[in-house]
Amino acid sequence: MKIVVNGKVENTDQDTILNYILEKNLEPKTVIVEYNFKIVKKDTWNNVKIKDGDNLEILNFVGGG
């Protein structure tokens with residue numbers, strides 16, 4: 001299916017936000033996900049089903065000083 005991630009069209013076979021995050025080798029503890037323009041709590045990522053045409057914005061927090 002095709003989804004939009006951070007403004008770019010991507011193909012994915014993943015069915016949930018959590019599976020998509022893990023497929024991309026992102027650390028769940030350091031990202032925030034906006035799904036169809038609403039922020040999604042981490043504890044629900046495994047329950048939120050990704051569908052064709054959905055929009056994800058993924059922000060990765062990086063520490064530094």
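The values are calculated or read from the model by the stated rules, or taken from the named source; none is laboratory data. All of these numbers come straight from a predicted model, not from anything done at the bench. Cβ: placed from backbone, ideal geometry, glycine included. Neighbour counts: every protein chain shown.
Against the definition (assigned to a loop (DSSP other than H, G, I, E, B) and on the phi < 0 side of the Ramachandran plot), how does Asp52 come out, yes or no?
Values: assigned to a loop (DSSP other than H, G, I, E, B): yes; on the phi < 0 side of the Ramachandran plot: yes.
When the stated conditions are applied, Asp52 passes them.
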- Item | Pair list, Cβ < 8 Å and 6+ apart or interchain, from the stretch 10-30 residues that are among the hydrophobic types (A, V, I, L, M, F, W, C) to residues that are part of a strand (DSSP E or B) and at pLDDT 95 or above | Ile17/Val33; Ile17/Tyr35; Ile17/Val40; Ile17/Leu56; Ile21/Val31; Ile21/Val33; Ile21/Ile58; Leu26/Ile58
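I want to confirm something. Restricting to the stretch 1-20 and keeping residues that are among the β-branched types (Val, Ile, Thr) and outside any strand (DSSP E or B), which single residue is surrounded by the most Cβ atoms within 10 Å (Cβ to Cβ)?
Of all residues in the stretch 1-20, those among the β-branched types (Val, Ile, Thr) come to 3-5, 9, 12, 16-17.
Checking which are outside any strand (DSSP E or B) leaves us with 12, 17.
Values: Thr12: 17, Ile17: 23.
By that ranking, first place goes to Ile17.
When only residues in the stretch 21-49 that are among the β-branched types (Val, Ile, Thr) and assigned to a strand (DSSP E or B) count, which is surrounded by the most Cβ atoms within 10 Å (Cβ to Cβ)? Walk me through how you get there before you give the answer.
First, pick out the residues of the stretch 21-49 that are among the β-branched types (Val, Ile, Thr): 21, 30-33, 39-40, 44, 48.
From what is left, the residues that are assigned to a strand (DSSP E or B) are 31-33, 39-40.
Values: Val31: 15, Ile32: 13, Val33: 23, Ile39: 10, Val40: 16.
Once the filter is applied, the top-ranked residue is Val33.
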